[in-house]
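Here the structure comes first, spelled out in structure tokens, and everything after it is commentary.
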Amino acid sequence: MDNMSHVWKCSNWNKFFTLPKQQSESPFHNLTTIHMFSCRSIKYLFSPLMAELLSNLKNVKISGCDGIEEVVSNRDDEDEEMTTSTHATTTLFPQLDSLYLSSLDNLKCIGGGGAKAKDGNNELSFNNTTTTTDQFQLSEAGGVSWSLCQYAREIEIYKCDVLSSVIPCYAAGQMQKLQVLTVSDCKGMKEVFETQCNNKSGAGDEGIPRVNNNIIMLPNLKILKIRDCGGLKHIFTLSALESLRQLEEIRISFCYGVKVIVKKEEEDASSSSSSKKVVVFPHLKSIKLINLPELEGFFLGKNEFRWPSLDYVKIDNCPQMLVFAAGGSMAPQLKYIHTELGKHIVGESGLNFHQTPLLSLQAAVLCPATSEAIPWSFHNLIELDVKGNHDVKKIIPSSGLLQLQKLEKILAYNCNNVEEVFETGLEAAGRNTNTNTNSSSGSGFDGSPQTTTTTTLVNLPNLREMKLQHLYTLRYIWKSNQWTAFEFPNLTRVDIYKCKRLEHVFTSSMVGSLLQLQELRIWNCSQIEVVIVQDADVSVEEDKEKESDGKTKKEILVLPRLKSLILDQLQSLEGFSLGTEFEFPNLTTVHVYACERLEHVFTSSMVGSLLQLQELRIRDCSQMEEVIAVESEEESDDKTNKEILVLPRLKSLKLQYLPCLKGFSLGKEDFSFPLLDTLKINQCPAITTFTKGNSATPQLKEIETKFSSFYVGEDINSLIKIKQEELKQDSD
């Protein structure tokens, strides 16, 4: 298609417009969709004459056509008389729904020309009649009009770098049906809505032409999205914005030159009445301002803005933003503001804030404003939500730790250089201490001197959920030590995925505050050795106590509400916690998958706390020899009576791909499984017995294996022994 110069060209258009009696419709009547791709020699798609034959055209998509300069052009219409006569009475593209223009390197305009104004004034002339109603007819400009966009419901323009504006001033009032306008990656774009008509359009230099004293009417525009248009300094003028009464969503992103969204007009500066006018947007629901490094405010004039329906505002990486609307804003439905740090609850001031420039999340240490009056301070943060930031190393600095009283969720995704979620006081003190190594003071959370002998308690009373994913350099979530202690009295759910350098989740000193923890899932974290590690300063003292006492005493910690525990692909995991026994009185579900170094799941002393355990699944743990490990021989000898270990609610047990598994438990204890009705043992070649003691399974009828299901009978241990001998004989 590189050499094709025209889509359609005809030397005699009259034969199409003068139809035979038996033919009431044009030959192109049924054409509804046109897609043109990589036609590099074509200069335009339609002539006005051809356009009149496409009365049912609904969708136009033009992409990768380097030669396109106009979409509609009269340059090849030779019959001027036909052009004038038909154009005065015909509406073009009345059914057009969507227009998509992409990667058109030489596109200068869409419609091909402007409307002529009479006597140099700013009233538009349509068919030689000055318009006085809200419904406009087609404006004429040498036979070429803005008709292609007049009826489009949706227009999207992408990578048209020569295009300097989207809506020309001569198109005022014509685009009655436009609801969605998207413009992106147009490097040469200077204005979205043209404010100065050039001389050839006939409108002079007085600015936007006026119809009924209104300016650029887009009465049904609902969604406006502008992205990566570096030449833009503003999006609207105030007068243009006022005509957009149906606007529901504004999204402006990656426009690095934008200083304001709404520009003050010079005439407003001298008019006290217009500067005090209240601007109301009854339907606007969403405003998103993203990566606008030069943005100083939404509007810097004195007008007050009212947004009765506004319920979503996002201000992300706009470090120079000092004010939203200098004249004030009222948004009664707005409850939250979203920033690059997350979700903040809106205080009484709402959008009426004034501040000094902020550091952004892109800094090495995140330091947003700390004043409670600022909508995006730590004081108002309820959801920490950081995604795709590759510069930050410590998300929450030590100076912000004591301000997180409202924080409810922590969500962090795909941040390649994050080492810590919370920076602790010890590190901050080290950064701020005097160079003299004997100095024992540093900077506290409020910037005041702090001695390293004091302990700061960081209580996050409302934190309920934490989700960390794809944080490949994360080493610590929170460091609890003698200088900083963390408490999470309402944390209920923790989900950690692909944090390759993370070695543990909690420290033992935090466990006492995990009273509400219900779900814990850790997967694909190759360096995790334990879920809960002992505090270094505590373990030394305990070791000394053990040595002086002469006995080994294990600390018992309780997670009273934990219901679900999932450990998956933790290749370095050696245990839930080493040197510490845990009790799980409400644990119902345990899944342990691909934990290659794990030798057992529970110890026999922990079984007594597993009163609610219903489902236990273990798979692909190459070094696991037993599920419940026996106590040491000394402890077993101290017991005079043989103990019966009961798992009263366990219903389902599945053991799969465990090459070293010798049995469920290899101790002398008897086991009772009163509700167990599902047992699957698959690819466990080393298993010789279920338990060395007796096993009572009154509800179990059969065992599932790789080959088939087998009836259990009265003794599960005997069945396993028989089947293993049969497999051995078959292999011989």
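Quick check: with the 1.4 Å probe, what order do S665, S55 take by accessible area, largest first? Let's see the in-between values first.
Numbers: S665 5, S55 45 Å².
My answer, sorted largest first, is S55, S665.
Stretch I223-L457 to full length: gain in nm at 0.36 nm per residue minus the Cα-Cα span?
Values: separation 234, 0.36 × 234 = 84.24 nm, distance 4.73 nm.
Fully extending the segment from I223 to L457 adds 79.5 nm.
Report ³J(HN,Hα) in whole Hz for each residue of the stretch 691-698, in order, from the Karplus equation J = 6.51 cos²θ - 1.76 cosθ + 1.60 where θ = phi - 60°; Gly and Pro get x.
Working through the residues one at a time gives 9, 6, x, 6, 10, 9, 9, x Hz.
Express in Å², to the nearest 10, the accessible area of K406 obtained by rolling a 1.4 Å probe over the protein heavy atoms while all chains stay in place.
Its heavy atoms expose roughly 90 Å² to the probe.
Can you compute the FRET efficiency between E596 and Q405 using 1/(1 + (r/R0)^6), with r the Cβ-Cβ distance and R0 = 60 Å? Round to the nearest 0.05. Working shown, then result.
Working: r = 41 Å, r/R0 = 0.69.
Efficiency computed from Cβ-Cβ geometry: 0.90.
Under the rule of at least 5 residues apart or a separate chain, name every residue whose amide H is placed under 5 Å from the amide H of S253.
The list, which skips near neighbours in sequence, is I226, R227, D228, I290.
Once R0 is set to 56 Å, what does the formula 1/(1 + (r/R0)^6) return for the Cβ-Cβ distance between K335 and R501, expressed as a FRET efficiency to the nearest 0.05?
Working: r = 37 Å, r/R0 = 0.67.
The pair K335/R501 has a calculated efficiency of 0.90.
Can you give me the long-range amide H partners of A629? Hydrogens built in the peptide plane at 1.01 Å from N, cutoff under 5 Å, separation of 5 or more residues or another chain.
It is V601, F602, T603, S604, by chain and number.
Using a basic spin-label model with each label point 7 Å from the Cα along Cα→Cβ, how many nm lie between V278 and Q482?
In this crude label model, V278 to Q482 measures out at 6.3 nm.
How many nm separate the modelled label positions at I556 and I722, each set 7 Å beyond the Cα in the direction of the Cβ?
Placing both labels 7 Å along Cα→Cβ, they lie 4.1 nm apart.
Full-extension gain between K259 and Q527, please, as 0.36 nm times their residue separation minus the C-alpha to C-alpha distance.
Values: separation 268, 0.36 × 268 = 96.48 nm, distance 4.63 nm.
Length gained, K259 through Q527: 91.8 nm.
What does the extension gain come out to for E574 and K706, with contour length at 0.36 nm per residue minus their alpha carbon separation?
Values: separation 132, 0.36 × 132 = 47.52 nm, distance 2.83 nm.
In short, 44.7 nm is gained.
Calculate, for V346 and Q320, the FRET efficiency according to 1/(1 + (r/R0)^6) with r their C-beta to C-beta distance and R0 25 Å; round to the nearest 0.05.
That gives a FRET efficiency of 0.70.
The values are calculated or read from the model by the stated rules, or taken from the named source; none is laboratory data. Note that the structure is predicted; figures quoted are calculated from it, not measured. Using ideal geometry, Cβ is built from the backbone for each residue, glycine included, and neighbour counts are taken over all protein chains shown. Calculation scope for accessible area: heavy atoms of the full protein, side chains included, ligands and nucleic acids excluded. Shrake-Rupley method; radii C 1.70, N 1.55, O 1.52, S 1.80 Å.
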